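The values are calculated or read from the model by the stated rules, or taken from the named source; none is laboratory data. Here the structure is a predicted model, which means the values were calculated and not measured. Cβ placement follows ideal geometry from the backbone for every residue including glycine, while neighbour counts extend to all protein chains displayed. These area figures cover heavy atoms from the full protein model, side chains too; ligands, DNA and RNA do not enter into them. Shrake-Rupley method; radii C 1.70, N 1.55, O 1.52, S 1.80 Å.
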Amino acid sequence: MLLSDVALVLDGTENARQAAWMNQTPAVIVNIQRQPGANIIQVVDRITKLLPQLKSTLPSAIQVRC
């Protein structure tokens, strides 16, 4: 089943007026928030462990910074 079989798929941004910048460069910002009762050390350790996997799926021109 394709997404287009059940939905209208549009290529574009949801909000063209919203943008993120880092050091005057367009950026994608990922904001991770702690959930009530979560162990912050475990969350940080898990994210740190997953970053190399994330980086390996991105084009080499993309920089991932913490």
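Quickly run through the stretch 37-66 and pick out the residues that are of a type in the set (D, E, K, R) and without any contact (Cβ under 8 Å) to a residue 40 or more places away in the chain. Within the stretch 37-66, Asp45, Arg46, Lys49, Lys55 meet the criteria.
Among the residues of the stretch 34-64, the one identified as assigned to a loop (DSSP other than H, G, I, E, B) and of a type in the set (Ser, Thr, Tyr) is Ser60.
What about Val9, is it assigned to a loop (DSSP other than H, G, I, E, B), within 29 Å of Ala61 (Cβ to Cβ) and without any contact (Cβ under 8 Å) to a residue 24 or more places away in the chain? First the steps, then the outcome.
Details: assigned to a loop (DSSP other than H, G, I, E, B): yes; within 29 Å of Ala61 (Cβ to Cβ): yes; without any contact (Cβ under 8 Å) to a residue 24 or more places away in the chain: yes.
Spelling it out, Val9 is indeed assigned to a loop (DSSP other than H, G, I, E, B), within 29 Å of Ala61 (Cβ to Cβ) and without any contact (Cβ under 8 Å) to a residue 24 or more places away in the chain.
Cβ separations smaller than 8 Å between residues 6+ apart or across chains give the following pairs from the stretch 20-36 residues that are on the phi < 0 side of the Ramachandran plot to residues that are open to solvent by less than 100 Å² (accessible area, probe 1.4 Å) and β-branched (Val, Ile, Thr): Ile32/Val43; Ile32/Ile47; Arg34/Ile40; Arg34/Val43. Taking the listed residues Gln35, Gln63, the one that is open to solvent by 100 Å² or more (accessible area, probe 1.4 Å) and more than 14 Å from the chain's Cα centre (by Cα) is Gln35, with no other qualifying.
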